[in-house]
Every structure is written in C-alpha cells, then in structure tokens.
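Undergrad: One structure, pasted below without further comment.
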Amino acid sequence: MKRIIRSTYIVGALLLGVSCTDLDETLEDEFTTEFSDNGVQVIEGATEGGGQVPAALQAAYGRLRGGSANHGGYYSVQTVSSDEMAIGQKGGDWFDGGIWLRMHRHTYGSANGPLNNMWTETYAGISEANLALEGSLTAAEEAQARTIRALFYWRLLDTFGRVKIITSSTGDAPQATRQEVYDFVESELLDVLGITAVTASMDLSGSALGTDADPYVINQYAALGLLAKLYLNAEVYTGTAMYNEADWAASYIIDNGPYQICGEGCTVTNLAKRPAVDSDPENLEGYSAVFAPNNQYNPELIWAIFYDETSATGMNFSQMNFHYSTQLTYALDQQPWNGYQVLEEFYNSYDDADARKQASFLAGAQTDFDGAALLDYASDDPTLVVEYTPEISELEPNSPRQSGVRAAKFSLQLFGRQEMNNDYPLFRLGQVYLIRGEARARAAGDWSLALPDVNITRERAGLPAATTMDADTFLEERGHEMFQESARRTDLIRFGKYGEAWWEKGASDASKTIFPIPQDQINASNGTLTQNPGY
Amino acid sequence: MKITLLKSLFLLGAFICFSGLQAQTVSGTVSDASGPLPGASVLVKGTTNGTQTDFDGNYTLNNVADGATLVFSYIGYSTKEIAVNGQSSINVTLSEDAQALDEVVIVGYGTQVRKEITTAVTSVSTEDFNQGVINEPTQLLQGKVAGLNIVNKGGNPNDAPVIRLRGISTVGGNAEPLVVIDGVLGQSLQNVDPSDIENITVLKDGSAAAIYGTRGSAGVILVTTKSGGANQPFKINYNGQFSTQFAANQIELMDREEFLAAGGTDLGSDTDWRDEVTRNAVTQVHNIAATGGSEDANYRVSLNFRDTEGILKNSGFQQFNARTKLTGKILNDKLRVTFNSALTNRESDFGFNEALRYAVVYNPTAPVFGADAPFAFNSPQFGGYFETLGLFDSFNPVSILEQNKNTGVTNTLNYTLDFKYTISDALTATLTAGEQKAKGTNRQYYPTTSFFRGNAVSPFRKGRADFTTFENNNRSLEFYVDFNKQFSEKFKLGVTGGYSFQEFDSNGYYLQIGDFPPGVDFDFSNAIEVSQDLLEAGRIQANSYRNDDDRIIAFFARANATFDDAIYLNASLRREGSSRFGADEQWGLFPSIAVGADLNKYLELDNVNLLKARVGYGVTGATPRNVGLSQTTFSVANGPNGFGSAATGLGTRAPNPGLKWEEKRELNFGIEFAMDRMSATLDLYNRDVVDFITEVNIDAAANQGFSTQFQNGGELNTKGIELSLNYDVIKNDDMSYNSGLIFSTYKSTLEENTGGTRTIANLGAPGQNDTNVILVKEGEEVGQIWGPRFSGEVDANGSPILVDLNGDGELVTAQGDALAENADFEVLGKGLPDFTLGWTNQFQMGNWDVNMFWRGAFGHSLVNAFRAFYEPRIGSQSSYNFVNTDLARDDIRTAQFSSYYVEKASFFRLDNLSIGYNLDLGLDYIKGARISIAGQNLWTITNYTGTDPEASLQDFGPVDNGAVLDTSTPQVLAPGVDRRYNYFTSTTFTLGLNINF
C-alpha cells in the first residue's frame, strides 16, 4: 500500500518534471538581484543633459525628480503653503477634502496626505542614495551620492525639523533634533568638499567632487550652493546665525564657478511659438530662457534636475496649472487640471516692466492654436472666452474656473506631453547672488549691502538698478526672481512673514513653520517618532 | 479468506435448505409517481455490485445472492431497500423526498451520504436552479444557499459576479470561493455552461473546507457536470432560450427644462443621453446534449451557444462551448476511467461602461452631433459628434460607443483524466490529472476622431490602439486512496489520504500605440505599422509579465467514522505549502474535526425523520493575491535619453520575507431537522481570520521610503447565523406547492489591525479626492461609512451646514481631521447588510409549474456617488447635468461629502418569476417537451435613489477623465460605495423551450 502511494508520488512528480515538494519560486518578471556593480558601461558624450551621471547613481539622481515638480508632494507643499499660489475650490472641483485650502491657510494637520507623500518620497530618495553608497563607488561618485542625500535631509530639516537620520539602506535610527539634522547636513557637505569649515579663503582641492560645468552632475559649486542655503537659514534652524559662511560659500561660487547670468543674447528657440500667431516670439531670451523646455545646459544652471518627456519624467506643471482649454492653445497631449492659481497680490507686486512678469505667468484673454479666441463651452460667461483674471473672487467654495493668472515660468511647448522637458534648477547663479546679497546684509545688519547683488538680477529683468533696499523690498525682489522654484515658504519663514495674514489666509501660529510629522508615520513607528510641538 | 468463507457458507446452505442461497438474476422497473425513472441506481447492499436503470426505468442485475438486499436510490428521492428473498423481478416506486437524507453528496475528495455529513454543506441540483437567462453558473444559485452572496452590481453580462460566502473570509487573499469542477481544483466557472451542470455543492464552514486547505478559506463550490448513464439509449436534449432585456431603475436626472431652470448652460438641443446609449437587448441561448451508454461505457456530449447582448449599446458576448464526458470501465470493472473536456470560445464586446457614467452627467441640452451645436464647431475633427471641450471628465457618451471598439476573445480548454481503481471492496485509489489553459486577447481601438482616449483634440497625435494578451495555465495532479469498511453493525470507517500538486503559469503583454493618420476611416488596430508613434521616442507603452513557478503542494488525510448509524465523526488534516511565502513560512497545517449525531434515533420523535446536531471546527488558509511579496526586487533606472547606461535601484515594494499563511479558524454549530413536509437547517458560526494579509503602513524612514508593506497584519472575527426552511404546503398527486426561506446574517469585526486606524475608499475627482468615506478601525465593525452629518440647513454660500456632533462648540469636519479626537465625524451607515433573505416558491399543478423567487438585503447603506458629485447645484460647473432625485435640494450649491449622500439601501426584490408547461405531444420521436416564460428583476421595493440598491461588497476606488479602472486589487474592507462606473440594472423576460428526442 505504502509502496503504491510512494510510486505514484514519484510518477506524478516525474510527469510534472519537478520535485513533489519544491516550492522555490523564480520571479521571471522581476530583478531579484542587483546588477549595478557588474561592470556597466557609461556612454560618454551626452549633449542633451543628464548625460554625465555615473551609471551607479542613475537611480539616486532619478529620485530628485520625484515631487520636485509635480502635484501632491514637496513642490505642492512648498508652493501652496506660501503666498505665491493657492488651489481654490472651483465648485465641485478641487475641494479634495479641503487639504489644499488648509495647506494655504496653514490649518494643516498630521493627517494631511501631501505631507505624508513628501515624507515618504524624501526618504525613498535617501534610501536610494544609501543603497548606492553601499555599492562600490569611486570617490567622486560617493561624494555625489552623499550630496544628494544631504539635499534630501536639508528638505526634511527645512520642513519637518525632527527626523530620523538613516545612513544605511536597511535599519532604523532614533528621531534626531533639528540641530542634529542640521549638523549632519553641514558635516556631510563639508566632508565632500574636503574642508572642515567654510571660510573666506577656503581651499577645495581636497574635495572628491569635480568642477566641470555640468549642471546634472554634482560638482563643488552644487554642494557649496546647498551649504550656502543651509547657512542662510541656519538661524531659523538652530538659532545660530551663519551669514558670513553663507556669504563666503556664495562668493566662492560666483568667483570661481564657470557660470553666467543668462541675460541679453542668452536665447533659446521658443518651442511654444504657434505657426499662425505672429505675436508669439521666435526666441526666448534672458530670464525666460533659463526655465524654457530647451533650457539644457543653460549657463546659469549650477545644479538642475534633468527632466525629459520620455526618459526622465516627473514635471507636470502643464497639467497642474492651466485651465482645461489651454490644451487647445498649445495643442497639448493631455487636458490640464485647472488647479494652481497665482495670488492676485503676488502677481500685482511685479512692475509691468519686469521681464520676469511676462516670463512667469499666463494672464488675460487666451487664444487657441490658430490665434483665435479660446472658448470654454462649459463656461457660465456668455462670451465663453477663457481669460485668466488676476482677481480671484474667493478661495472657496466657488473660485471661478478662469480666475487667477497661472504660473508658466517653466514654459510650455507646442504638442507638449503630460511630462515636460524643462530642467528644474536647484541652484543657479541668480539665486546665488541673492543668497550672497542677503547674507551680507544680514551679517552687517544693513540691507543696502544687498544692492549690488540684487541689481544684477534686476538688470537682467530689464529693471533700473535699485538704490534703496530694506527687508521687505528685498523679500519682494527675491519673490519675483525665485517664483515657482519652491523657495517662497522658506523665505517667508526667514523673513518672519509666514505667520502673517494675507488674502483669505488668517494669521498663523509660529509652530506652523514646521510641519507635523505625518500621523501614518508616527502610527507605524512603534513610538520611535513623536509629534512636533503645536500639533 | 473471504472467498473460502463464502464457499463454505454456500455449501452449508445447499445442504440445509433446498431453496438455498443461490446467486440469481434480478430485474425490474424503477419508477416514481409520474412514470419510469431512468438513471436510478440499484445496488446490492454491502457490495459494489450495482447498475443503473435505462431510459425506461428497467434494470437487470446479475449475481445477486438470494438473501441479499437491493438498494434503490435516486437523487431527490427516498432510498428504498428491498430484500430479494428469491424474487427474480422486483418493481419499485420511489417517492420524492425533499429532505433526501440518503442523497449522496459530493464533498472534497469523495462523496458522503447526506445524513452523515457533520459540516455545513448545501447541495443544489438542476430542479432547484434559478430559471431565466443565466449567463454564469453562480446565477443558478443566487438566493438558494444561506450565507452565499452573489452580486453582479448592475448586471453587466461581461462581468463575473462577486461571490462571498459568509462575508469576508480574507483580507489580502483571494476572497472568491474555490471552484472545483468534476474534482479538479481552481477551474474557471466561466468555462462551464450553466446548462451542463447537474449539481452544485457549497462547502460553507471551515471543517468542510479544511480538506482543501489554503484555498478553502472563502468556501468551496463543487460543480458536478451532467453525465450519461449506463445502459441508456441514445438521447438528445435541446434547450433554447430567447430573451429581451431593458434598463430597469435609473437615477433621476434633470431634463432640458429643469436643467435650464437650474441655471444650466443651454447648448440648444434636447437629448436623453441614457436613452441614446441603452437599448432593448436580445439574447439567445441554445444547448444541445447527446447522452447514452452501455454496460461498460457511457458518454455525454454537449454543444452550447449563447449570444448575449447587454443593455448598453455595443456590449455583450457570444460564447461557444463544447463539453465531453466519457466514462468507461475495464479490468473486470475494477478500473473506471473518466475523461472530461471542455472547450470555450468567448468573443466579447465589452463596450464602454464610461458611456453610462457620462450619459448621466452630460448636459441634456447638448446635441449628439456637432452640426447641431449653437456655435461654430469643428465636427469632422470629432467624427461628427459634439464635445463639450474644456470641461474636465466630460465626453459625449454616444461618440464613445459609436466610434470606439472594446473587444476580446478568450479560448479556454479544460481536460481532466480521472482513474479510479478498486483494489478491494474496501479500498480504492484515485488519480486525477487536469489542466486548464486559458488564452485571450483584448483589443481597444480609438480612432483619430474620438475625443475619448483617441486624442481627437490634438492637432497631430490622434488615435490609439491597445492590445492585451494573457495566457493562464493551471495544472494539477492529485492522488488519493479511499478505505471504507463496515466493521460491525455499529461501526463504519472511511479513511482517505492523498497528495495534491498544483501549478499556475501566467504570462502576457500589453501594448498601446497611436498617432494614426487623421481623417482616414480605417481600423488602424489592424495595421499598427502605420503608427507615427513608431517614429517617436517614448510614445509606445508596452509591458510584459511572466510567472511560471506559482505552486501549491499538499498532503491530506481524512477519516469519517459512523457509530450506530447515528453518530458521525469527520476529521481531516492537510499540510500545505505555497511558493508565495518566504522560505521559512511556506508550509502550513490545516486540521479540522466535526461530530454530529442523529438525535432522533434515540429520541424517536413522532413524524420526525431527522434531528441532527453537529459541531465542527476547521482551519483553512489564504495566500496573498500576488506572487513574490516575500522577495526583494530591484527596479531598473535607465539613464536619460539612453545615455549613462542603467543602474538597479530600489524596487517597487518593500519585501516581507516573514510573510506567512493567513489562517481562518471556524467553529460551526448546526441543527438539521426534517419531518415529512418540513425541513430546516440552522447554522451558527464563529470565524476568526488571524494573521490576515494586508498592506500595512510602515515607517518610511526605516523602510527605504516605502510607506506600505504586505504583512500579516490583523485579525477579523465574523459571527453569523444561517437558517433555511422548507415546507411542502401542498403535496398531493395533482398539485404541489413548496415554499422555502433562507435567512442569513453576520457581523464582521476588525479585532486587531496592525495597520492602524485609517479611512479608505477615496471618492475621487472632480473635487473629492482625499475624501475617504470608509473607516477601518480596530474593535469596530467592517464597512462603516464615516463622515460628517448634515444638519439639514444650508448657509448663504450654498454650503451644507454640518453638525457639531461632540458639542464642543467647534466644527471639525475637514477630511484631514476625520480621525482627530475632536472631529465631528460619525458612522453614517453600514456597507454590509444586517441580513439577507431568499424566498422560493414552487407550485406545480398538472403540466403547469410556477416558480417565484424573492430576494432581499436589509440594513445596509450606500454612498450614492452620483448624488455626491452631481446633485449639488454648482454654478461654475453648470455644463454637467444635475442629478435630481427625491432628495435633491436646490439650495445646496457646493459638493462636500456628508451623511446627506449616504442612503439606506434595504431592498426586497421579485428576482425571478417563471411559468412552465410540459407539453404532451404524443409523438414517437419527441419524448418530452417543455415551454416556459421567465422574468428576472421584475420589481424592487427600496428607498434607495440610485440605480441598484444591491450592497457593494468591495471597492476598486475612483477613476476619472477617461482613465482605465484597475480591477486587479479589490479592497474588501471598503464595502458600501456605489461608484459612478456601475452598469445599469435591467429587467429580463425569457422564453424557454426544452425538447427531449
């Protein structure tokens, strides 16, 4: 009897060609081992941007794209919580449980979804860098990976303050204080720069990072840019001002870096020029060229996130910002979502002569691909013409569908896809001038010291040189230069304006300058994460 | 030894008695009240010597000992035992027995006599099946099995229904019951034509299903197909059905006048969009079956064809199915070989459910065709159709249906070879090998003029073709040995032991390509080489998948013991392994034990045939839905523009090498009671699903930025009661009336929830993202609808004023605060019904018969999504039509989720009414004929304002603006949301014809 059973098992197993208790599973459609270190080849000579990134760091660099220029994460949180933009509730559209209204009004709580997205996407980037660091890297590659990681930790420092400092791809760490996170970011950056402190006469020859002007590969100037930004905000983060260090780091970039302000004569072809519309310019020049879809290797870019409509996706401003009908202006692939609206006060603060006003917004009556009036057949307005009005009558519940001018600094191109081609600057020379100007002014307590640097950006914008300067005018100037670059929230906090009331936002408590640790994370952390004060 | 004994007895008998114990031949006729019974079984008691009656009810049995007893049985009839006592002719009349206590019921790996079953098992045979248009086998059972819930919300003929036995049995595993067809595990119900089914048995509780181990958690549905009988002449049966179907309940909308009065944008026409996209559908079904058999072999061959139209225009399917079942006996009848095969070819026109959704919300003043637009409109660009451009989530529904194609072809092949060898009277061995191969291709084509997915609005890149292929193979090999012996008058024992191997392979690919020459009227999905996408980077979407080693391997054993013919014990044990778990967690042990006793044998109550009490406990398991969750995977990061080569990066999910079996432990207590006219079964159960597999929030910082991971993350308890009653109100030769009632209720509680309290089931765009309406909380019932309460008052903005529920003077109703301590949120309803009822009535008088079936579910609520989005009179969106139910209020002008959109959805429905007549044609070549008329979904009593008050048992989340709904991962913890993509319900009338040649 037993023998029968046994032989049947054997026969059965033979029939099926496997052992009768074999449960090993090969996942044929997944990679279950790493191949990064297996002698992969780097193809040299890329010209379209993003080309010199070492193979082993492709994944880590790629993580920079997540959340930096799309809806629902870092960019959205930085932007909507500031006085740049809001997402009004347009009747039945864009209420979304009130998360964006609360983001704008600073009544966000720990259950806010975008905050959780920001947290997880940032840690995903950190882990990707950690994973790369555990492979075999050259010294330069290691320094780049650590700089990427430092950038992500700077974002956490700036937004959540108290976070876990994780430095291996597996494993946990205790929640650090904001000071500890600051110290970590500072020491990492100093280390990759081969110095122990930033000074006026520092020598970076010991740095593993290079000095080539490739904005897609982190060099010494990129790491210094991040360090300058860290020092500029040090007083906010730790209570200890580091303005001289911010000045020295910025000055080093300006003095030694191969970068230029993209001004007169710095042009790119206007990819949004409609064939039938004569008023569309042939070229984009100066400020607008820095952010154009074809801004690859713009001389002003120090460190930029490479985006591409097919191979490096993640920039969706064309979807987020525009009215549904704008699809017909540029013959876009996909219908936009009609979300982000620029605040009237912010838009009106620009001088009409400011080239940045023209470059940064879509405003007024819109036209279609052929230059005829752009119609919205679903409009309440009998003329049906789509017109972006600076005025937004209300934030909710019935923010008119066409109200608010729209952010268009990262300009569109004809037949654009859902994914955009514009590269997103993390650090650029114009910004570095503003860091230096502000750092010098704050270090000396004299805002006029910022004038030389501020006037460099004003000049490029076609504005007369400013002769007087105070904190408010400096902030306004900085706002115009850095619009849509995820800088405004941090700036408002540094200038003590974040808690002030504006438009439909009431005054908010100082505790709101740091976001709550996402509740999902606290719940899942077994008590290793605690909430920030005020939440 | 035995033979020697028999011989000596024989000799002894010959000496003692002349009329002696001689072996002889017995023949006769078996009949019932209405005539001969073909296919009845005749067996010499205590032996395997038996036969079946032929078509005229005649039988002949050789080698019958004089003192033997013959057992006459037939499904649905009381078994009779008659002592031979030298008779050579025995004619028997069997009487119908609704209780059928001696009926043989198929259970896992074998059969059992009904009265000996100690677990919760319900068996439904042909005569009790639902009538009318049955597109899918489970429809035969709807409302017939207490605790079995079958829901095809709306009734799309291309959708398989959601099947739930006793509520939620698993969180992260497959919640659908295991289907076993003619003994082969894991086959597709879609591959069996309903008319080929003889019997469906449902194993409900853990102790019954434990023999199937892992896949038995959600219950087991055992399907037995019809077969030929021994010694039957060649016979042909034809069954035809013709039906018409039309839309039933619809949600109230505004017509042109109402819409304009409400401030809607006038586009100059008057269109009833729902009328434009629906139709009176016509369906026909033809089944032909041929059967016959000799002493040693029998066969049944059937061909089935069905052409089913859906009420949505251009939707439906054509299915051709052929089934063969051959049985033969060789080696002195010791080896029985059965071969089963089925081939199904199904050509589906899926249509576009989106057309139904947009028909609800499209502007009723909009014209169908662009030529009728009130302003200059470039119609040719959109195929002549009108489109409201510039409005989110709005597509001309007629254009969707008329211009685009959504079709699929699936071929399924099953074959099974079954060897049963009788080693001795007590011992048999069975080897079953089977395979199911399903292969298919689905295609969608959106021409260059289609606004919906065809990108007609783009000046250049227009048109799109999608191709999806899939191939799923399921191989199994099972071997088991059965030992059965009556040891004494008082003790009978059956033991089964075996091995089971099953392997699933799947692979497929997806391709999306577009940019076809505009203005050309041609189906470019047949010529994709024309696509301009081939010339431009990043346009073509393609992916492929393959899994070859998904295996389940098991060893199992079972013992059935009967004491005193009244006390029954069933016990089973299965050790099972699955490749889906981590290396150390692959094997699980799944035991069960159940005891029962026929108390009436001892109490001897008057007129009582059976009073059985039984109790069973069983453990079953569930595997995760996906393979490979325990393994670490890496993603591939290509350099931009193809430069910089590639690197492996973090994978797409957090692996969990410790992932282990989800276990379901179930205790079931049942009482079965039967009298002459009445029978009742009561089951009480308590089931705990422990270590259920679910996606749990994890600390992203410590887990590589992954915020979720599949874990064994909690415990779910379900307690339930099921009652079925059957009563022969009238039972005489002229007339009968039988009424049956089933009642079931259960309550599922989340006892432990590692994932933490959270809300799920996002309402979606436009405007209601981050609006989760279902609460998941430890210690609470599953499926609570969670939100703020509407006070009934509206403020000056037209915003509904919500209630300060906790009375703290502060109104905290923002979705982000849904779980805050001071939130003014409450339970607004339950997604799962309090109880369900099924009420069957069968009348018969002369040649007439009438079946009436009512069905209802009570106590559940639904979030009416159409109302939540489109009922508020929102000014800035005035180009959507407004939903205008009885609950609508003109003063509400903003859309914000609250109790106002949660409705009680209790219903009681006349589900099926059929009238049949058996014709007496008196023709030689037609042996019988029957004609019937059936109506389905005839009348519904409910207060729900949506299209279908049926409970929504699971959720797929929202979808908008032409995106494709992902149905791969149903969320079972989120019942209660009536989404905007559900099909419209329909009423069906069917004419049926059945002829026996």
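Undergrad: Given the conditions (1) assigned to a strand (DSSP E or B); (2) free of Cβ contacts under 8 Å to residues at least 24 places away in the same chain; (3) hydroxyl-bearing (Ser, Thr, Tyr), and given that B:Thr432 satisfies all but one, which numbered condition is not satisfied?
TA: (2)
Undergrad: While we're here: Kindly indicate the residue of the stretch B:367-385 that is more than 9 Å from chain A (Cβ to nearest Cβ) and part of a loop (DSSP other than H, G, I, E, B) and also surrounded by the fewest Cβ atoms within 10 Å (Cβ to Cβ) among those meeting that condition.
TA: Quick first cut of the stretch B:367-385, residues more than 9 Å from chain A (Cβ to nearest Cβ) only: B:367-372, B:374, B:376, B:378-385.
Now drop any that are not part of a loop (DSSP other than H, G, I, E, B), which leaves B:367-368, B:374, B:376, B:378, B:383-384.
Numbers: B:Pro367: 20, B:Val368: 19, B:Pro374: 14, B:Ala376: 9, B:Asn378: 11, B:Gly383: 22, B:Gly384: 15.
Filtering first and then ranking leaves B:Ala376.
Let's see how each residue does on (1) of a type in the set (Ser, Thr, Tyr); (2) part of a strand (DSSP E or B); (3) more than 10 Å from chain A (Cβ to nearest Cβ); (4) within 20 Å of B:Tyr499 (Cβ to Cβ):
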{"residue": "B:Ile553", "(1), (2), (3), (4)": "no, yes, no, yes"}
{"residue": "B:Arg558", "(1), (2), (3), (4)": "no, yes, yes, yes"}
{"residue": "B:Ala561", "(1), (2), (3), (4)": "no, yes, yes, no"}
{"residue": "B:Asp565", "(1), (2), (3), (4)": "no, no, yes, no"}
{"residue": "B:Tyr568", "(1), (2), (3), (4)": "yes, yes, yes, no"}
{"residue": "B:Gly588", "(1), (2), (3), (4)": "no, yes, yes, yes"}
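Undergrad: I need the helices (runs of 4 or more DSSP H) fully contained in the stretch A:198-308, keeping only those with at least 1 residues that are basic (Lys, Arg) and modelled with pLDDT of 95 or more.
TA: Values: elements: A:220-232, A:234-238, A:243-256, A:287-290.
Of the helices (runs of 4 or more DSSP H) lying wholly inside the stretch A:198-308, those with at least 1 residues that are basic (Lys, Arg) and modelled with pLDDT of 95 or more span A:220-232.
Undergrad: Could you grab me the full set of residues in the stretch B:850-897 that are among the acidic types (Asp, Glu), in contact (Cβ under 8 Å) with a residue 40 or more places away in the chain and either within 14 Å of chain A (Cβ to nearest Cβ) or crowded, with 19+ Cβ neighbours inside 10 Å (or both)?
TA: Of the stretch B:850-897, the ones among the acidic types (Asp, Glu) are B:871, B:886, B:890-891.
From the residues that got through so far, the ones that are in contact (Cβ under 8 Å) with a residue 40 or more places away in the chain too are B:886, B:890-891.
Listed by number, the list holds a single entry, B:Asp891.
Undergrad: Here is a further query. Go through the stretch B:632-700 and tell me which strands (runs of 3 or more DSSP E), entirely inside it, have 2 or more residues that are within 13 Å of another protein chain (Cβ to nearest Cβ).
TA: On the way: elements: B:634-638, B:646-650, B:662-675, B:678-690, B:693-697.
It comes to B:634-638, B:646-650, B:693-697.
Undergrad: Of all residues being in a loop (DSSP other than H, G, I, E, B), small (Gly, Ala, Ser) and touching a Phe, Trp or Tyr at 6+ places or on another chain (Cβ under 9 Å) in the stretch A:79-97, which is nearest to the other protein chains (Cβ to nearest Cβ)? Just the residue, please.
TA: Quick first cut of the stretch A:79-97, residues in a loop (DSSP other than H, G, I, E, B) only: A:81-84, A:88-89, A:91-92, A:94-95.
Going one step further and asking which of them are small (Gly, Ala, Ser), we end up with A:81-82, A:88, A:91-92.
Next, only the ones that are touching a Phe, Trp or Tyr at 6+ places or on another chain (Cβ under 9 Å) stay: A:81-82, A:88, A:92.
Details: A:Ser81: 14, A:Ser82: 19, A:Gly88: 10, A:Gly92: 4 Å.
If we take residues in the stretch A:79-97 being in a loop (DSSP other than H, G, I, E, B), small (Gly, Ala, Ser) and touching a Phe, Trp or Tyr at 6+ places or on another chain (Cβ under 9 Å), then A:Gly92 is nearest to the other protein chains (Cβ to nearest Cβ).
Undergrad: In the set B:Gly577, B:Gly618, B:Gly582, which member is buried (at least 19 other Cβ atoms within 10 Å of the Cβ) and either in contact (Cβ under 8 Å) with a residue 60 or more places away in the chain or assigned by TED's automatic domain parsing to the domain that holds B:Ala210 (or both)? Reasoning before the result, please.
TA: Working: B:Gly577 fails: either in contact (Cβ under 8 Å) with a residue 60 or more places away in the chain or assigned by TED's automatic domain parsing to the domain that holds B:Ala210 (or both); B:Gly582 fails: buried (at least 19 other Cβ atoms within 10 Å of the Cβ).
Of B:Gly577, B:Gly618, B:Gly582, the one residue that is buried (at least 19 other Cβ atoms within 10 Å of the Cβ) and either in contact (Cβ under 8 Å) with a residue 60 or more places away in the chain or assigned by TED's automatic domain parsing to the domain that holds B:Ala210 (or both) is B:Gly618.
Undergrad: Would you say B:Gly829 is surrounded by fewer than 23 Cβ atoms within 10 Å (Cβ to Cβ), within 26 Å of B:Arg164 (Cβ to Cβ) and either within 14 Å of chain A (Cβ to nearest Cβ) or not hydrophobic (A, V, I, L, M, F, W, C) (or both)? Steps first, answer last, please.
TA: Details: surrounded by fewer than 23 Cβ atoms within 10 Å (Cβ to Cβ): yes; within 26 Å of B:Arg164 (Cβ to Cβ): yes; either within 14 Å of chain A (Cβ to nearest Cβ) or not hydrophobic (A, V, I, L, M, F, W, C) (or both): yes.
Criteria met by B:Gly829.
Undergrad: Where the second residue is assigned to a helix (DSSP H, G or I) and the first is more than 9 Å from chain B (Cβ to nearest Cβ) and lies in the stretch A:514-534, which pairs have Cβ atoms under 6 Å and are six or more apart or on separate chains?
TA: Here the result reads A:Phe515/A:Leu115; A:Phe515/A:Thr159; A:Pro533/A:Ser511; A:Gly534/A:Ser511, each pair linking the stretch A:514-534 to a residue that is assigned to a helix (DSSP H, G or I).
Undergrad: Determine which member of the set A:Asn348, A:Asn270 is more than 14 Å from chain B (Cβ to nearest Cβ) and closer than 30 Å to B:Asn638 by Cα. Lay out the reasoning, then the answer.
TA: Details: A:Asn348 fails: closer than 30 Å to B:Asn638 by Cα.
The unique qualifying residue is A:Asn270.
Undergrad: Quick one: is B:Pro380 over 26 Å from A:Leu332 (Cα atoms) and in contact (Cβ under 8 Å) with a residue 60 or more places away in the chain?
TA: Numbers: over 26 Å from A:Leu332 (Cα atoms): no; in contact (Cβ under 8 Å) with a residue 60 or more places away in the chain: yes.
So B:Pro380 fails the test.
Undergrad: Here is a list: A:Leu343, A:Leu301. Which entry is over 25 Å from B:Ala456 (Cα atoms), in contact with a Pro (Cβ under 8 Å, 6 or more places away or on another chain), more than 14 Å from chain B (Cβ to nearest Cβ) and among the aliphatic types (A, V, I, L, M)? Lay out the reasoning, then the answer.
TA: On the way: A:Leu343 fails: in contact with a Pro (Cβ under 8 Å, 6 or more places away or on another chain).
Being over 25 Å from B:Ala456 (Cα atoms), in contact with a Pro (Cβ under 8 Å, 6 or more places away or on another chain), more than 14 Å from chain B (Cβ to nearest Cβ) and among the aliphatic types (A, V, I, L, M) holds for just one of A:Leu343, A:Leu301, which is A:Leu301.
Undergrad: In addition: Within the group A:Trp100, A:Trp119, which residue is part of a helix (DSSP H, G or I), at the interface with chain B (Cβ under 7 Å from one of its Cβ atoms) and under 22 Å from the mean Cα position of the chain (by Cα)? Full working, then the answer.
TA: Working: A:Trp100 fails: at the interface with chain B (Cβ under 7 Å from one of its Cβ atoms).
The match here is A:Trp119.
Undergrad: Would you check if there is a residue in the stretch A:495-503 being part of a helix (DSSP H, G or I), surrounded by fewer than 23 Cβ atoms within 10 Å (Cβ to Cβ) and without any contact (Cβ under 8 Å) to a residue 40 or more places away in the chain? Talk me through it step by step, then tell me what you get.
TA: Filtering the stretch A:495-503 down to residues part of a helix (DSSP H, G or I) leaves none.
No, the conditions are met nowhere in the stretch A:495-503.
Undergrad: Does B:Ser394 satisfy the condition of being out of contact with any His (no Cβ under 8 Å at 6 or more places or on another chain) and part of a loop (DSSP other than H, G, I, E, B)? Give the derivation first.
TA: Details: out of contact with any His (no Cβ under 8 Å at 6 or more places or on another chain): yes; part of a loop (DSSP other than H, G, I, E, B): yes.
Against the criterion (out of contact with any His (no Cβ under 8 Å at 6 or more places or on another chain) and part of a loop (DSSP other than H, G, I, E, B)), B:Ser394 qualifies.
Undergrad: Also, I was wondering about something else. Out of B:Ala429, B:Ala433, I need the residue that is aliphatic (A, V, I, L, M), within 14 Å of another protein chain (Cβ to nearest Cβ) and in contact with a Leu (Cβ under 7 Å, 6 or more places away or on another chain). Which one?
TA: Selected residue: B:Ala433, the only one of B:Ala429, B:Ala433 that is aliphatic (A, V, I, L, M), within 14 Å of another protein chain (Cβ to nearest Cβ) and in contact with a Leu (Cβ under 7 Å, 6 or more places away or on another chain).
Undergrad: Just give me the residues in the stretch A:294-326 being in contact (Cβ under 8 Å) with a residue 24 or more places away in the chain, in contact with a helix residue (DSSP H, G or I) (Cβ under 9 Å, 6 or more places away or on another chain) and not hydrophobic (A, V, I, L, M, F, W, C), in sequence order.
TA: A:Asn295, A:Asn298, A:Pro299, A:Glu300, A:Tyr307, A:Asp308, A:Thr310, A:Thr313, A:Gly314, A:Ser318, A:Thr326
Undergrad: Further question on the same structure: So if I check each of A:Thr367, A:Thr269, which one is in contact (Cβ under 8 Å) with a residue 24 or more places away in the chain, surrounded by fewer than 23 Cβ atoms within 10 Å (Cβ to Cβ) and either under 21 Å from A:Ala461 (Cα atoms) or in contact with a Phe, Trp or Tyr (Cβ under 7 Å, 6 or more places away or on another chain) (or both)?
TA: Details: A:Thr367 fails: either under 21 Å from A:Ala461 (Cα atoms) or in contact with a Phe, Trp or Tyr (Cβ under 7 Å, 6 or more places away or on another chain) (or both).
Every option except A:Thr269 fails the conditions.
Undergrad: On to the next question. Among the residues that make up the stretch A:29-39, is at least one of them more than 7 Å from chain B (Cβ to nearest Cβ), over 26 Å from A:Gly135 (Cβ atoms) and modelled with pLDDT under 80?
TA: Checking the stretch A:29-39: not a single residue is more than 7 Å from chain B (Cβ to nearest Cβ), over 26 Å from A:Gly135 (Cβ atoms) and modelled with pLDDT under 80.
Undergrad: Name every residue in the stretch B:462-480 that is closer than 18 Å to B:Ala542 by Cα and either facing chain A (nearest Cβ under 9 Å) or assigned to a strand (DSSP E or B) (or both), in order of residue number.
TA: B:Arg464, B:Ala465, B:Asp466, B:Phe467, B:Thr468, B:Thr469, B:Phe470, B:Glu471
Undergrad: In the stretch B:253-297, what residues are assigned to a loop (DSSP other than H, G, I, E, B) and surrounded by fewer than 17 Cβ atoms within 10 Å (Cβ to Cβ)? Spell out the reasoning first.
TA: Going through the stretch B:253-297, the residues assigned to a loop (DSSP other than H, G, I, E, B) turn out to be B:254-255, B:262-272, B:279-280, B:294-296.
Selection gives B:Asp255, B:Ala262, B:Gly263, B:Asp266, B:Gly268, B:Asp270, B:Asp272, B:Asn280, B:Ser294, B:Glu295, B:Asp296.
Undergrad: I would also like to ask the following. Going by the structure shown, is A:Ser127 over 19 Å from B:Val773 (Cα atoms) and within 7 Å of another protein chain (Cβ to nearest Cβ)?
TA: On the way: over 19 Å from B:Val773 (Cα atoms): yes; within 7 Å of another protein chain (Cβ to nearest Cβ): yes.
Spelling it out, A:Ser127 is indeed over 19 Å from B:Val773 (Cα atoms) and within 7 Å of another protein chain (Cβ to nearest Cβ).
Undergrad: What is the one condition in (1) touching a residue at least 60 places away in the same chain (Cβ under 8 Å); (2) more than 28 Å from B:Trp587 (Cα to Cα) that B:Gly173 does not satisfy?
TA: (2)
Undergrad: Which of the residues belonging to the stretch A:425-453 are of a type outside the set (A, V, I, L, M, F, W, C) and buried (at least 20 other Cβ atoms within 10 Å of the Cβ)?
TA: Just the residues of the stretch A:425-453 that are of a type outside the set (A, V, I, L, M, F, W, C), to begin with: A:425, A:428, A:430-431, A:433, A:436-438, A:440, A:442, A:445-446, A:448, A:452-453.
Within the stretch A:425-453, A:Pro425, A:Arg428, A:Gly430, A:Gln431, A:Tyr433, A:Arg436, A:Gly437, A:Glu438, A:Arg440, A:Arg442, A:Asp453 qualify.
The values are calculated or read from the model by the stated rules, or taken from the named source; none is laboratory data. All values reported here derive from a predicted model rather than from experimental measurement. Every residue, glycine among them, receives a Cβ derived from its backbone with ideal geometry; neighbour counts consider all protein chains shown.
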